[in-house]
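Quick notes on the structure that follows.
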């Protein structure tokens, strides 16, 4: 594997380069953010020290993410959780406090490699962007809000366009001042006031001050959802829609599910490994504790990974490096300490899902439309009559299979084999049983609100109906 190591060893003296080379990896070592941005396209993975001497680490991370699909591990000093949250939201796939053991670093590299996106990188197409009621025509340099033109100065347009390219993420003040005004770090209070003045003017002219949020001490965020072609060209992170929390302690389960629900997640809790294994296929993400009463959390993780590609995040005790290594090697995508800030847990979940979605094959293109039904195969989003519909991974896979071949009657046994990994000749056995299939069909009809969406062909299977 070709690994780019962007590091500044002056603070800790720690470097993984020697161990990586001894384990057969080819490494390219740079000491500045600018060099990292230049070299990142020729590598399979990036180890990024956030404390580089010439550029803000979050800006480097963001520029690397714009330039390559290679996984990025952000190396932090471990003093503050907010740095990890911001790094993950800037595009990092994982965070690791330095110094760390090489065994843990290697386990994290292997975990990211399992979901490696091998498609050739291509920059987002430059063209109009639509983010809800906001339309930005980058060629004509025109702005419209709900169809009405908005007059902006040249710098105001450049600032809005920059925020729109990173919609949903916090863009650092340094990044904005460098890109819009070509000012380096330390440009002074006057330059900072210029940025604040332009942001204030944008809020007033757009008529929606809530669209541009301030991250105090960090930067600004455009809080609008991309739609149409912009959703594919400028994808953003989104919280998991269905989360299964497998934790032994009842109070912890209650607190975790409440936190997740406050962030827009549909969360369900269970207290045993057996229950988690029985229902995990209906969720987008599994959070599993290291010590469940009936079986070890590592074993739960291993069994889930053997049956599916469900993203898994493991809860481990602080300082338990061996537990983290065992989980990662058993198939977990990430590990988080029990008492970590819930914002960090959600940021890690979004990063894991971002990579899982990016590596999922989508042979039918970005969107599949059937009448009033639209399935976005890149993000997993579903809309019916312009209404968002939340589906689990299995529900989405089943609906997509039926909708992609609307005139075909799909045999029950074959659906079970394709969606749940069962055997075509034995529809009544395993997790993909006939009862599970019937339940998913019934749930789809209910969630879409259209009983005729899926037609039952008695004794054979199902076909797509009318949408």
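Computed extension gain for residue 455 through residue 22, at 0.36 nm per residue and net of the alpha carbon distance, reaches 150.0 nm. Ranked by the mean number of other Cβ atoms within 10 Å per residue, highest first, peptides 319-330, 15-26 order as 319-330, 15-26.
In which sequence would 73, 416 go, from the one with the fewest C-beta neighbours within 10 Å to the one with the most?
On the way: 73 20, 416 25.
Placing the least packed residue first, the sequence is 73, 416.
Oblate is the label for region 299-354, because a/c, from the alpha-carbon gyration tensor with a ≥ b ≥ c as root eigenvalues, is 1.5 or above and a/b does not exceed b/c. Given a Förster radius of 41 Å and the C-beta distance between residue 155 and residue 103 as r, what FRET efficiency does 1/(1 + (r/R0)^6) yield to the nearest 0.05? Here the calculated transfer efficiency is 0.25. If R₀ is 35 angstrom, what is the calculated FRET efficiency for the pair residue 32 and residue 110, using the beta carbon separation as r and rounding to 0.05? So, using R0 = 35 Å, E works out to roughly 0.80. A straight chain from residue 309 to residue 145 at 0.36 nm per residue would run longer than the Cα-Cα distance by 55.0 nm. Using 0.36 nm per residue and subtracting the Cα-Cα separation, the extra length available between residue 210 and residue 255 on full extension is 13.3 nm.
Give me the log10 of I(q) over I(0) for region 2-114 at q = 0.19, 0.21 Å⁻¹, as the Debye formula computes it from C-alpha points; what are the numbers? Debye output, listed in q order: -0.93, -1.18. Taking every alpha-carbon pair under 8 Å whose residues sit at least 6 apart, region 2-114 reaches a relative contact order of 24 percent.
For region 242-358, what mean projected area does the convex hull of the alpha carbons give, in nm²? It is 6.4 nm².
Readers should treat all values here as calculations from the given coordinates under stated rules, not as data from a laboratory. Please read these numbers as outputs of a predicted model, since none were measured by experiment. Please note: Cβ atoms are built from the backbone with ideal geometry, for glycine as well, and neighbour counts cover all protein chains shown.
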